[in-house]
């Protein structure tokens, strides 16, 4: 995130030594390190939660797509069975066939 080289660190250390003083510098450095660590933990935690929510959202989307596919499969099965049942029925029954045959002759 921040590119800090040796010269920048040296300058920060020198200014800190002059402003804070040699007695308080270790305490201030420890305090700053503690809060930097806390902030890094917090950022990592937020990143992890965001990643978890994104994965959960992807899973919800996949489940919805899967459910839609299952519904489409059921509809296809129902249509196929209804169509098969229609094909199994004769177009005309035997009595109608005989009547038509006799009318033709």
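Nothing in this text is a laboratory measurement; each read-out follows from the coordinates by a stated rule. Computed from a predicted structure; not experimentally measured. Reconstructed Cβ throughout: ideal geometry from the backbone, glycine too, with neighbour counts over all protein chains shown.
Table for the structure above
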read-out: Folded to 0 to 90 degrees: helix 94-104 orientation relative to the chain principal axis, Cα; value: 50 degrees
read-out: Tilt relative to the chain, helix 25-88 - C-alpha long axis, 0 to 90 degrees, to 10; value: 0 degrees
read-out: Spherically averaged projected area of the chain from its Cα convex hull (nm²); value: 13.4 nm²
read-out: Spatial separation of Cα centroids for region 52-74 and region 1-48, in angstrom; value: 46 Å
read-out: Rounded to 10°, Cα long-axis angle of helix 6-20 versus longest principal axis of the chain; value: 60 degrees
read-out: Added length on full extension, which subtracts the Cα-Cα distance from 0.36 nm per residue, residue 53 to residue 72; value: 4.0 nm
read-out: Computed label-point distance, nm, for sites residue 40 and residue 82 using a 7 Å Cα→Cβ extension; value: 6.5 nm
read-out: Orientation-averaged projected area, Cα convex hull of region 49-105 (nm²); value: 4.8 nm²
